Every structure is written in structure tokens, then in C-alpha cells.
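Some notes on the structure that comes next.
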Amino acid sequence: MASRNPFTPTFGTVPAYLAGRQSVIDNMRQAFADRYGNPNLSTILIGARGTGKTALMSCIRDEAQDAGWLTASSTALPGMLDDIYEQALMSARHLIDQPSSRQLTALSLGPISAGWEHNEGSLQQGNWRTRMSLLLDQLAQHNTGLLITVDEVRADLDELIRLAAVYQHFVTERRQVALVMAGLPYHVHRLVSDKSVSFLRRSAQHQLGRIPSADVGVALRKTFQSGGKRIEEEAVDICIKSIKGFAFMLQLAGYRTWIEAGENATVTAMHALRGVHDAKYDMEEYILASTYRELSPGDLRFVEAMATDPVESRLSTVASRMGVSNGYASKYKTRLLAGGVIGEQARGVVAFDIPGFREYVLARKSER
């Protein structure tokens, strides 16, 4: 019977070996051990699509739980604060009493009526900060901390601003609480620029860029080995060249190459060539094509003007190719930054953040 494929090209799943992120994991492990005062207890993971932000955040949650912390995870969407509170209560249900928020004090049968009284100190009483404080008080009695994680941060969500502001109070009160957030560079930049939560600028901020080739090679070898296969060095080199340091592509190329190897105990260069070919097709079909379809006509004009440049593009040059003013082109630049399609390398300089998208845009343009 064939071993289970150890590669995981699915959203948010923690890989068998998380390549190139060990320093972040080590920092967080130490932070959970310190419990108070460690700057990594407030961490922001920043990266383009497919750089493994969600998977790394899942790994950090595992580290927190191993250290005896409870966790509450959510996504930056309306209702996020209630979701965090409910997730925290679920995580803590084995440690704390969770009484009803009210009790029956009077009953009359004609006509039927009832009187209720709120329990003092109830976990359901007060605003979000009050309820969370009561919960953290109970956790402190068990010397247990709470890790809150928020994915896909966006500065236009009031609840996220409220969370960050309240979290600052928790830190000041020396509560055993940690906050890890993840998002695209554009959205994180807008969030930390908000004056009401300026303390976030002092958070540990980790830019998740391309993974070094050496780390990619180590992850490939170890992951294949964990599934009972050995991979030839030539096959490793073939995979590395196709992966180009992109976390999602690492899992995808490894997954497809494993399938090509079948029952063979050794993964050869031929298996890798076939696997990489299939992985590139998957990448084009599920990532590049779907991203391309989301573009408006104006977005498309912008990226086609960018694609003429081999690496980076100046906004002024892109605007000139589009035949519009810099101000007009900036509107589309902002849209594409927000969508994670492009990234700002320097003031007025942009580049594609999704590997292979430049080539895909050029190919589609030539077809028209």
C-alpha cells in the first residue's frame, strides 16, 4: 500500500516541514515561554499571496498550545470580536465556570410573567473589553495565557481597530495575552498607519518573502523522507528551479512529484520533471487564471503596461504606456496593491507579487 502524500498544497494547512520560517517559530516559542514582556507576543506576518502566512499562523497556534496557552482564531470580517470571544470561551471550557448571564428571580402564573436578574461577574456581562477581561482573570487563576490570531487584516474594519486598541490595554495591565495578525503588505501598512493603534508599529513585523533555495531543498528532502521516499539531488534541483522560493509552489511541486513517483522508493529527475509540469499547470489554472479573471479593464491595462518591464516598473512609466496621468494610474495601482497582485518595492516602483503572473499576462495579451 502506498504511503500517504506528505505534501499539503491546501489553504492554511501546516506543512510537514515549514521551510524558511524557523526563526519566526523560535521567536514565538520563546515568547510563549516568557509569558510577559516579550515583544514577539505582538506579531504581524506580512506577505503576498501564497507566501504561507496562514500556514505559519497555524503553526504558531500549535506552538502556543504546546506551551499551555489557549487560542482563539478569527478572520478580519464583521462580527470578528464576538467570534474571538466565543472561540476563547470554547478553548477555556475545561478550565472555567461559564454560568448563565441571568437567573430567574420571580414567577407569576396569572398572567404568566417572569423576573430575571443578571449574575454579577458573569462572563456574558458588559462590553467586549469587560467580558474578555473577566475571561482573562479566570485564565490567570490557572496560569494560562490566550493567543488571539487574526488573518487577512484590513484597516477599514472598525472591529480590528477596536481589538488592537483593547489589546494595548491588556498589555499595560500585564495580562497573559498574545496577538498575532497576518495580511497583505498594503493592508498591514494602512493598519499600522492608523494613529489610534500606533503602538502596532512596535510589534514584531515579519516580512515573508521568497524562501532561500537551500531551505527549499532541505524541506523537499525531509518531506519526501517523512513519507518513506528518497529524492535524488538532480530531482531536488529541478524542483527548486520551478519553485523559485514560493511557499505554495513548494507544496504543489512536491505533491505532484510524489504522485509521479508512485510506488517507487526513489524520486528521480524524470518524476520531478513530470511533477513540476503538472504543478505549473495547477498554478496557472487555480492561481494565475483566477487572479486574471478578477481584474477590471483598467486593472488589466495597468498590469499589461507593467508586464513590459522584466522586473520592476515605475508608476510614471506605466502611466505613460497607458496614456493617462500618474494620478489616474495610481487609482489602479492602489486597487492592485489591495488585491495582492502587485507590491510596492519603493516609492513609485511596483512589481508583480505573484510568481509567473507577468508571463501569464503577456501570454494572454498575445492571444488577443
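Structural remarks
- Residue order for S316, S366, fewest other beta carbons within 10 angstrom first, comes to S366, S316.
- With a cut-off of 15 Å on the backbone N, the residues of region 50-90 near the modelled label site 7 Å out from Q138 along Cα-Cβ are 70-71, 85-90.
- Charge dipole (debye, nearest 20) of region 213-291; +1 at Cβ of Lys and Arg, -1 at Cβ of Asp and Glu: 180 debye
- Estimated FRET transfer efficiency (T13, S325; beta-carbon r; R0 56 Å; 0.05): 0.80
- Euclidean distance of C-alpha centroids, region 308-361 and region 1-47, integer Å: 31 Å
- Integer Hz, Karplus 6.51/-1.76/1.60 couplings in order for region 191-199, x for Gly and Pro: 5, 6, 7, 5, 5, 6, 10, 4, 4
- Fewest-first ordering of I60, I231 by other beta carbons within 10 Å of each residue's beta carbon gives I231, I60.
- Cβ-Cβ FRET estimate between A265 and Q22, R0 fixed at 30 Å, reported to 0.05: 0.60
- Computed P(r) (all Cα pairs; the chain; 10 Å bins; percent): 5, 20, 25, 22, 16, 7, 3, 1, 0
- R0 of 22 Å, Cβ-Cβ distance Y36-L95: FRET efficiency to nearest 0.05: 0.70
- Exposure proxy order (Cβ contacts within 10 Å, fewest to most) of K195, K365, K229: K195, K365, K229
- Here the sum of -39500 (n - 2.57) over DSSP H runs of 4 or more residues, divided by the residues of the chain, equals -15000 deg cm²/dmol at 222 nm, to the nearest 500.
- For the chain, with +1 on Lys and Arg beta carbons and -1 on Asp and Glu, the positive-most of L139, V311, G217 along the dipole: V311
- Under the Karplus curve 6.51 cos²θ - 1.76 cosθ + 1.60, θ = phi - 60°, whole-Hz ³J(HN,Hα) for region 288-294, x wherever Gly or Pro sits: 5, 5, 5, 5, 4, 5, 6
- Extension reserve of the R4-R364 stretch, reckoned as 0.36 nm per residue once the Cα distance is removed: 125.9 nm
- Ratio of Rg to Rh over region 216-368 (Cα coordinates, Kirkwood Rh, two decimals): 1.10
- Distance between region 281-295 and region 121-182 - C-alpha centres, whole angstrom: 37 Å
Only the coordinates and a few stated rules stand behind these numbers; no lab work does. Quick caveat, the model's predicted, so the values are computed rather than measured. Positions of Cβ are generated from backbone atoms using ideal geometry, with glycine treated the same way; all protein chains shown enter the neighbour counts.
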